[in-house]
Amino acid sequence: MVLLKASLPILGLATYAQAAPAISAPDCSLNSTESSIKWTECSSEVNENAALPVECAQLNVPLDYTDDKSNKTVTLNLIRVPATKQPSLGSILMNFGGPGADAVSMTASRSDVLNMMSGERFDIVGFDPRGTTTTLPFHCFTSNFDAQQALDNLKSNPPPEDLENLGYLWAAADNLAQACAKTQNETGALINTPFAARDVVSVATALGEKNKIRYWGLSYGTTLGATLISMFPEKIEGAILDGVQNPHEYMHGEAMGSVGSSFAAIFEHCVKNADNCALSRRGKSAAELEQLYWSLYEKLRYNPVPLSGDNGILNNHLLNTLTSSALYDSMDWPVFTTALDILLGPEEDYDDEFIEAWVGSSGEDEDKPDQQQAQQVPHGIRCSDYKGRLSSLEEYMPIQERLYNISRINGPISASIGMTCSRWKIEPKERYEGNFQVAPRKPVLVVGNTYDGVTPIVSARNVSSGFTGSTVLELNAYGVSKAHLFGPRFLLRFVC
């Protein structure tokens, strides 16, 4: 395992003395490919969202990879960003995480950045994973009302001492698990990560790449990538795992790290840039501001704020969710600190419009049918991968207490998915049983940020230690998946 460090400016507030590693330009050889995929014009909706010209296609792959006698197939929706410098050197397959992120729309909207990151010489290919959009859509309810009620019941994220809400959440999780078992018992067994890895191989084969798979995964996409590499090490021509989950934790619990340093950094940057951070007037130090946050958290537990715009309520659970969202990207910090400043002031001075817009950003239009399905997909994929099944809340509590001790913010949030997976009734057709330790044909690049409380750098090191010849690139940055800010020069070494 090779360790490298590089630095990125955060919010334009600071620059770091340590320079990025000097790397010579990669020498990529031209691949001869014979694709069986027929690319056509994308829908007007996709084209309108695309920053660069894109092409779309469909590909039939086996419905059940474990049943050699079956000829049933499922149709994958594909999108391609053609290399802007021809001839193309081949394809890089993308997965944006989730699990269950819509790859077609995300590839289109990020097509310019993805093309730049590939040095403009590779085709970028994405496909909507199983369980999403029209690809074996995973939804557990026959009515939108029932779906929304079940999802609303899972919105609380209580700390371990809140036994009343934890008991309610356990019952709500069991309800969702039972509903999914009734409606998705067959489909739900066909959408988990090993089958997604096999879909990647099927797409690469149809692209004419044969045994040369190039893969780039973000967040959960790194778990898919680790599974792909472990199942098919001989096929890996190059792989980039960016914003890394610990796949061992993912399979047995919740992949999560401590948010302490990244959470504290929000207040440290506020104090250092007091002229641009209204919250700085509330305390003399970052530690004081952080303590004020927890005071606000306790206040909202017993005195939640009514939101007149949508009849919603801002309580401590919702504050936790909004805080967790802010940890994903330092660009969200100014809005987050402004909202805290407003909430720490007198109620008569509240800027209701600002607060309601901020709260709305955490789940805009989540009561729409497509958003309801999007919220169910992660349960279908993750819970099928999850290896633990528990019969009581008492059995689950040690897990929740451990996660809470890791993070007071993300620990409680993990309860709903953790409990649901513990009560899951659907067993997958295939589950990866290995230890994520292989020697891939070509080295793997594992990228992580020093201050990332969602996909922590320790996970990047853990994954890299299992893949012979891999390199860890540690970015001195905050948030998740910042490799796109680093540029293609270094990253291309791992796809050539």
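The values are calculated or read from the model by the stated rules, or taken from the named source; none is laboratory data. The model shown is predicted, which means the values in this text are computed figures rather than measured ones. All Cβ positions, even for glycine, are placed from backbone atoms using ideal geometry, and neighbour counts span all protein chains on display.
Being in contact with a Lys or Arg (Cβ under 6 Å, 6 or more places away or on another chain), among the acidic types (Asp, Glu) and at negative phi is true for just one of Glu430, Glu474. Which residue is that? Walk me through how you get there before you give the answer.
Values: Glu430 fails: in contact with a Lys or Arg (Cβ under 6 Å, 6 or more places away or on another chain).
It is Glu474.
Residues that are in the same structural domain as Asp332 (by TED's automatic domain parsing) and surrounded by 22 or more Cβ atoms within 10 Å (Cβ to Cβ), at least 3 per element: which helices (runs of 4 or more DSSP H) completely within segment 194-274 meet that?
260-272
When only residues in segment 322-374 that are polar (S, T, N, Q) and surrounded by fewer than 19 Cβ atoms within 10 Å (Cβ to Cβ) count, which is modelled with the highest pLDDT?
Filtering segment 322-374 for residues polar (S, T, N, Q) gives 323-325, 330, 337-338, 361-362, 371-373.
From what's left, surrounded by fewer than 19 Cβ atoms within 10 Å (Cβ to Cβ): 325, 338, 361-362, 371.
Working: Ser325: 88, Thr338: 95, Ser361: 68, Ser362: 61, Gln371: 70.
Applying the filter and picking the extreme gives Thr338.
Quick check on this structure: which one of Ile457, Ile406 is outside the structural domain of Gly97 (by TED's automatic domain parsing) and β-branched (Val, Ile, Thr)?
Details: Ile457 fails: outside the structural domain of Gly97 (by TED's automatic domain parsing).
Being outside the structural domain of Gly97 (by TED's automatic domain parsing) and β-branched (Val, Ile, Thr) holds for just one of Ile457, Ile406, which is Ile406.
Does Thr75 fit the bill of being of a type in the set (Ser, Thr, Tyr), touching a Pro at 6+ places or on another chain (Cβ under 8 Å) and touching a residue at least 60 places away in the same chain (Cβ under 8 Å)?
Details: of a type in the set (Ser, Thr, Tyr): yes; touching a Pro at 6+ places or on another chain (Cβ under 8 Å): no; touching a residue at least 60 places away in the same chain (Cβ under 8 Å): yes.
Taking the combined requirement at face value, the residue does not satisfy it.
For segment 300-332, which positions are hydrophobic (A, V, I, L, M, F, W, C), over 19 Å from Ser407 (Cα atoms) and under 24 Å from the mean Cα position of the chain (by Cα)?
Result: Met331, single match.
Which of the numbered conditions does Glu164 fail, given that it passes all the others? Conditions: (1) surrounded by fewer than 24 Cβ atoms within 10 Å (Cβ to Cβ); (2) more than 29 Å from Ser324 (Cα to Cα); (3) not polar (S, T, N, Q).
Of the numbered conditions (1) surrounded by fewer than 24 Cβ atoms within 10 Å (Cβ to Cβ); (2) more than 29 Å from Ser324 (Cα to Cα); (3) not polar (S, T, N, Q), the odd one out for Glu164 is (2).
List pairs: first in segment 171-198 and in contact (Cβ under 8 Å) with a residue 12 or more places away in the chain and farther than 21 Å from Tyr250 by Cα, second among the basic types (Lys, Arg) and assigned to a loop (DSSP other than H, G, I, E, B), Cβ under 7 Å, 6+ apart or cross-chain?
Gln178/Lys425; Ala181/Lys425
Identify, by number, the condition in (1) under 19 Å from Thr193 (Cα atoms); (2) out of contact with any Cys (no Cβ under 7 Å at 6 or more places or on another chain) that Met116 doesn't meet.
(1)
State the number of residues belonging to segment 386-434 that are under 22 Å from the mean Cα position of the chain (by Cα) and in a loop (DSSP other than H, G, I, E, B).
Looking only at that region, the number is 11.
So how many residues does segment 45-78 have that are over 13 Å from Ser105 (Cβ atoms) and either hydroxyl-bearing (Ser, Thr, Tyr) or part of a loop (DSSP other than H, G, I, E, B) (or both)?
Residues in segment 45-78 being over 13 Å from Ser105 (Cβ atoms) and either hydroxyl-bearing (Ser, Thr, Tyr) or part of a loop (DSSP other than H, G, I, E, B) (or both): 14 in total.
Can you tell me which residue in segment 422-464 is surrounded by the fewest Cβ atoms within 10 Å (Cβ to Cβ), limited to those that are touching a strand residue (DSSP E or B) at 6+ places or on another chain (Cβ under 9 Å) and hydroxyl-bearing (Ser, Thr, Tyr)?
Per the stated criteria, the residue is Thr450.
So for segment 446-456 (the condition being assigned to a helix (DSSP H, G or I), closer than 22 Å to Gly243 by Cβ and either free of Cβ contacts under 8 Å to residues at least 40 places away in the same chain or of a type outside the set (Asp, Glu) (or both)), does at least one residue qualify?
First, the residues of segment 446-456 that are assigned to a helix (DSSP H, G or I): none.
Checking segment 446-456: not a single residue is assigned to a helix (DSSP H, G or I), closer than 22 Å to Gly243 by Cβ and either free of Cβ contacts under 8 Å to residues at least 40 places away in the same chain or of a type outside the set (Asp, Glu) (or both).
Go through segment 279-296 and give me each residue that's among the hydrophobic types (A, V, I, L, M, F, W, C) and in contact with a Leu (Cβ under 9 Å, 6 or more places away or on another chain).
Of everything in segment 279-296, those that are among the hydrophobic types (A, V, I, L, M, F, W, C) and in contact with a Leu (Cβ under 9 Å, 6 or more places away or on another chain) turn out to be Leu279, Leu289, Leu292, Leu296.
What helices (runs of 4 or more DSSP H), lying completely within segment 79-164, carry at least 2 residues that are small (Gly, Ala, Ser) and without any contact (Cβ under 8 Å) to a residue 60 or more places away in the chain? Give the steps one after another, and end with the answer.
Working: elements: 103-109, 111-117, 144-152.
Ranges flagged: 103-109.
Quick check on segment 31-50. Is at least one of its residues modelled with pLDDT under 95 and under 28 Å from Gly466 (Cβ atoms)?
For segment 31-50, residues modelled with pLDDT under 95 and under 28 Å from Gly466 (Cβ atoms): present.
Applying the selection to segment 117-152, what residues are of a type in the set (A, V, I, L, M, F, W, C) and under 23 Å from Ser384 (Cα atoms)? Don't jump to the end; show me each part of the working.
Applying the first criterion (of a type in the set (A, V, I, L, M, F, W, C)) to segment 117-152 yields 117, 122, 124-125, 127, 136, 138, 140-141, 145, 147, 150-151.
Scanning segment 117-152 gives Phe127, Leu136, Phe138, Cys140, Phe141, Ala147, Ala150, Leu151.
List every residue pair whose Cβ atoms sit under 8 Å apart, with the two residues 6 or more apart in sequence or on different chains, where the first one lies in segment 250-270 and is closer than 29 Å to Thr193 by Cβ and modelled with pLDDT of 80 or more and the second, anywhere, is in a helix (DSSP H, G or I) and among the β-branched types (Val, Ile, Thr).
Within 8 Å, the pairs are Tyr250/Thr223.
Just to be sure I understand the filter: pairs with C-beta atoms under 9 Å, separated by 6 or more residues or on different chains, first member in segment 328-342 and in a loop (DSSP other than H, G, I, E, B), second member modelled with pLDDT under 95 and of a type in the set (A, V, I, L, M, F, W, C). Which pairs pass?
Pairs that qualify, where the first residue is in a loop (DSSP other than H, G, I, E, B) and the partner is modelled with pLDDT under 95 and of a type in the set (A, V, I, L, M, F, W, C), are Tyr328/Val454; Tyr328/Val480; Asp329/Val480.
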